[in-house]
1. Label Asp304 and Glu27 with points 7 Å out from Cα along Cα→Cβ: what is the distance between them in nm?
2. Less than 12 Å Cβ to Cβ from Phe179, Lys/Arg counted +1 and Asp/Glu -1: what total charge do the surrounding residues give?
3. Given labels modelled 7 Å from the Cα in the Cβ direction, how far is it in nm from Glu186 to Phe209?
4. Label-point separation (nm) for Val151 and Tyr101, each offset 7 Å from Cα along Cα-to-Cβ?
5. Mean-square fluctuation check for the chain, GNM, Cα pairs under 10 Å: which of Ile208, Ile249, Ile109 is largest?
6. If you wrap the chain's Cα atoms in a convex hull and average its projection over all directions, what's the area in nm²?
7. Viscosity 1.002 mPa s, temperature 20 °C: give me the Stokes-Einstein translational D for the stretch 243-318 in µm²/s, with Rh taken as the Kirkwood radius over C-alpha pairs.
8. Could you give the dipole magnitude of the chain about its Cα centre, charging the beta-carbon of Lys and Arg +1 and that of Asp and Glu -1, in debye to the nearest 20?
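Bear in mind that the values in this text are calculations on the coordinates, not laboratory data. Being a predicted model, the structure only gives us computed values, none of them experimental. Ideal geometry is used to build each Cβ from the backbone, glycine not excepted, and the neighbour counts take in all protein chains shown.
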Amino acid sequence: MSTNRPGRRITKTGMHRRPAFGRDDREINTRLVTLATADGHSWDGMLLRPRFGDPAWRRLLVIMVHGSVGNYLTGVPRRLSFDLAHHGFSVMSINTRLANYGPFFGGGIFHKTVLDLAAAIEVAKANGFPRVVLMGYSMGSTVCTNFIAEVQPPEVVGLCTVAHPASLPESLHARWTRFGASPSYEEVVDIVAPVVAENPDDPPGDRIFTVERANGPLPTPENGEIWTYSTWWSSRSPAAHAAVSRERIAHVKVPISIFQAGNDHLIQPGEGYELKSAANAGGNHDVHLDVVPIADHVFTDCTDEVSALAAEWLADLA
């Protein structure tokens, strides 16, 4: 018999808590929103407004950005969004062109996410939020960092990242090498580079390709990955400079808070310190770093701790 009761489910990356539908939205006004981008696309999002709490906190909007193969309604972004709303902060959790299966079918060009976040800020202003904090989970951390570095939007007063890789291309390269991916990282570069040479974002010969043993040592479906030439090149290739936060974060001048997992199988322990050092080297000394020792990449049973630490940091900004 099926049940809608909240509980847990086991996935490849560990034990996940199911959303407590009907319970995690108590005392919160929720509304669906649409982001209309300058290049003619639209993405979904959810705006969460606490009914009670400090008015200054409610006037600061946290824009939450999902990780790889994620979206605004599930996993870490959902849990953190509702947790922060219960702490008293307004939150808008959004999709981007990288949501769900965008990278699989050619639409998920990484550097074009600046248009998605620009659209999110317009929605924020239209709803009465002139000051926003960008908060990203995993790949979403990279998206937010690149956006601030590229655009320097005056509305953004802070950057908060969770499970933030120092470099998406390097992380994938190391993982594929560790598991003996087929084709290898170097082989994919050789295959893709000639195809995307003239038009990296929309090459005439773009196609879907699969990689075995990308996430584990066995050639099973759950260990595979799917990309198109263009989406892989834009976010994971040696040419994907927008996806290297170690370089981009030096251009972020707003306060930064970084939350890393101490037991992360995808991100190396020192990457948070690399990011902090790079931001400091760029002249930003308002950089906070916390490592949650027992947390895995999806912060199983640890999102409460992260949201409490993030709320404390956000309170100072508010």
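1. 1.5 nm
2. Once all neighbours under 12 Å are counted, the net charge is +1.
3. For the pair Glu186/Phe209, the computed spacing is 1.5 nm.
4. Going from the Val151 label point to the Tyr101 one covers 2.8 nm.
5. Ile208
6. Hull-based average projected area comes out at 16.2 nm².
7. 164 µm²/s
8. For this selection, approximately 1000 debye.
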